[in-house]
Amino acid sequence: MKSFCSPKTSQKIMNGVFILSGVITLFILVIILGYILVKGLPVINFEFLFSSPIDAGREGGIFPMIISSIYVVFIAAIIATPLGVGAAIYMSEYASNQKVIKFIRFGSETLASIPSIVFGLFGLAFFVVFLKLGWCILSGGLVLALMAIPTIFQVAEVTLSSIPNSYKEGGYGLGATKWQVIYSVILPAALPGIITGVILAMTRAISEAAAVMYAVGSAITVPVSIFDPGRPLPLHLYVLATEGVSLQNAYGTAVVLVIIVLVLTIATNLVVDRYQKKIMGK
């Protein structure tokens, strides 16, 4: 089949298409963030960040919501990370039966595609009612952990599979056992990718309202323990916006949520870059 234009012309056209796609994506991001910041930044002050809500959130601040968000995300991270990374290690280093491999990957992809509201209903039925944990921070953290596992698993598996075989062969050549090679050679080399997967999962978890609204409760007080109910930031934002409590405070809450996600992402990238430079001797 003959081409309608020369290779150089095709190259220029495709370069323009790709650049335009990137510019449009960046433009959409700037518009969304800019609109939220313009609406929400005037609300942000010391009192808003470090005081409790008054009159169901019409006045006051969001300090209990920030603490609740930290609690549920921390619980989700300490539960989902070892499970996701452990499953990825099994898939990349131990699994040999192709049927088992396909079944695990199918299960992971299915779990990742389940709507967050379904996770929330499962958390209500299993953690809150069946296990009798009640509406609390622990129930919400467990629900978010279930959501985070497939993301951590998929990213960790790809990262572990990309480690050159020469790394493993060098470890075995020195007389190391399989676990010693995994622990001392493979995991350190794959750590930046694993951290990226964990942060991706946690940034999704900290932004979920539907997943936690049926499990964590909706208390507007500061949770003291993991068995106390709470109201994470996305749930508070949902309540303020949909129930017409205070649209102004809803924008302020959205700004805080966006800033937390940005800070986590930027800090993680800095840590990962520094670690990569360190292991490469730069």
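Key figures for this structure:
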item	result
Verdict on Ala148 being open to solvent by less than 70 Å² (accessible area, probe 1.4 Å), out of contact with any Leu (no Cβ under 7 Å at 6 or more places or on another chain) and not in a loop (DSSP other than H, G, I, E, B)	yes
Pair list, Cβ under 6 Å, 6 or more apart: the range 239-260 residue at negative phi, other residue of a type in the set (D, E, K, R) and open to solvent by 50 Å² or more (accessible area, probe 1.4 Å)	Val245/Arg58; Ser246/Arg58; Tyr251/Lys39
Identity of the residue in the range 54-74, buried (at least 18 other Cβ atoms within 10 Å of the Cβ), of a type in the set (Gly, Ala, Ser) and assigned to a helix (DSSP H, G or I), that ends up farthest from the chain's Cα centre (by Cα)	Gly57
Filter result (over 11 Å from Val155 (Cα atoms), in a helix (DSSP H, G or I) and open to solvent by less than 50 Å² (accessible area, probe 1.4 Å)) within the range 193-219	Met202, Thr203, Ala205, Ile206
Counted residues, the range 7-31 - those being at pLDDT 90 or above and within 30 Å of Gly60 (Cα to Cα)	2
Qualifying positions in the range 105-123 - open to solvent by 50 Å² or more (accessible area, probe 1.4 Å) and either in a helix (DSSP H, G or I) or under 26 Å from Ile220 (Cβ atoms) (or both)	Arg105, Phe106, Glu109, Thr110, Leu111, Ser113, Ile117, Val118, Leu121, Phe122
Answer from Thr268, Thr242, Thr253 - the residue that is modelled with pLDDT under 85 and crowded, with 17+ Cβ neighbours inside 10 Å	Thr268
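The values are calculated or read from the model by the stated rules, or taken from the named source; none is laboratory data. Note that the coordinates shown come from a computational prediction; the quantities given were computed from them, not determined experimentally. Quick reminder, even Gly has a Cβ in these numbers, built from the backbone with ideal geometry, and neighbours come from all protein chains shown. Keep in mind that these areas ignore ligands, DNA and RNA; they rest on the heavy atoms of the full protein, side chains included. Shrake-Rupley method; radii C 1.70, N 1.55, O 1.52, S 1.80 Å.
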